[in-house]
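Please read the structure below before turning to the comments.
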Amino acid sequence: MTTTEKELKALMVASQEGDAASHRALLERLSRHLRAYYKRRLGHIGRGAAEAEDLLQEALLAIHIQRHTYDPTEPFTPWVHAIARYKLIDFLRRNRTSVADVPIDEANEVTANDDHLSVESSFDLRRLLKRLPEKMGCAIEAVKIEGLSIAEAARHCRISESSVKVNIHRGLKALATMIAQRTQT
């Protein structure tokens with residue numbers, strides 16, 4: 001087991017036991033690794049840093065929400081990688097990225113069966129979304145929950161496509177902050 005695996009696993013176990021400082025440290029450490037992962041993967045298909053940041057926020061939110069499903073007797077980094085990979089696959093599917101756009105060694109990830117980890121949230125996501133400004137919550141719900149395209153979400157929320165992107169990016173950061181604050185109490 002690598003030093004990184006041991007350290008991250010220890011932070012996760014402490015986080016599961018309610019240690020807010022360990023949880024924050026875990027999310028900060030994972031942010032660095034996942035940001036690089038998403039930038040590298042999205043760079044291969046001509047996508048930008050803003051989309052990598054959105055995916056990072058989605059992955060951190062999923063890790064936070066699903067942390068109770070992690071089994072401490074198992075290695076930690078494969079669990080994180082599975083979540084990160086599924087978020088990437090979801091992004092590619094949502095954006096209708098063709099298998100031809102993805103390097104051949106990653107093509108099987110796009111066409112893989114949809115065998116997500118069960119998502120049982122200890123937080124009421126709808127309640128959190130209601131704490132955001134209306135247009136921000138609408139954009140996140142439309143794109144990230146209902147799976148609408150940016151253009152469809154813009155029509156649905158009655159805002160521009162660029163506003164949808166900005167609202168999603170800022171809203172995911174705000175949600176992550178709300179959740180982090182909630183775990184500190």
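For the peptides 131-141, 51-61, what is the packing order when you average, over each peptide's residues, the other Cβ atoms within 10 Å and list the highest mean first?
On the way: 131-141: 18.9, 51-61: 22.3.
The most tightly packed comes first, giving 51-61, 131-141.
Among the lysines, select those whose C-alpha is under 18 Å from the C-alpha of LYS135, and discard any that sit fewer than 8 residues away in the same chain.
LYS144, LYS165, LYS173
What ranking, highest mean first, results for peptides 67-77, 32-42 when packing means the other Cβ atoms within 10 Å averaged over each residue? Don't skip to the end; give the middle numbers.
Working: 67-77: 13.0, 32-42: 17.5.
Highest-to-lowest ranking by the protection proxy: 32-42, 67-77.
Averaging over every viewing direction, what projected area does the convex hull of the Cα atoms of segment 125-185 cover, in nm²?
Numbers: hull surface 14.8 nm².
Seen from a random direction, the Cα hull of segment 125-185 projects 3.7 nm² on average.
Per 0.36 nm of contour for each residue apart, how much would the distance between ALA36 and SER149 grow if the chain were fully extended, relative to their Cα-Cα spacing?
Values: separation 113, 0.36 × 113 = 40.68 nm, distance 2.52 nm.
Once the chain is fully extended between ALA36 and SER149, it gains 38.2 nm.
Assuming R0 = 30 Å, what is the FRET efficiency of ARG170 and THR69, from their Cβ-Cβ distance, to the nearest 0.05? Working shown, then result.
Working: r = 28 Å, r/R0 = 0.93.
Here the calculated transfer efficiency is 0.60.
All of the numbers you see were taken from the coordinates with simple rules; none came from a lab. Note that the structure is a prediction, hence the values are computed from the model and not measured. For neighbour counting, all protein chains shown are included, and Cβ atoms are generated from backbone atoms with ideal geometry for every residue, glycine included.
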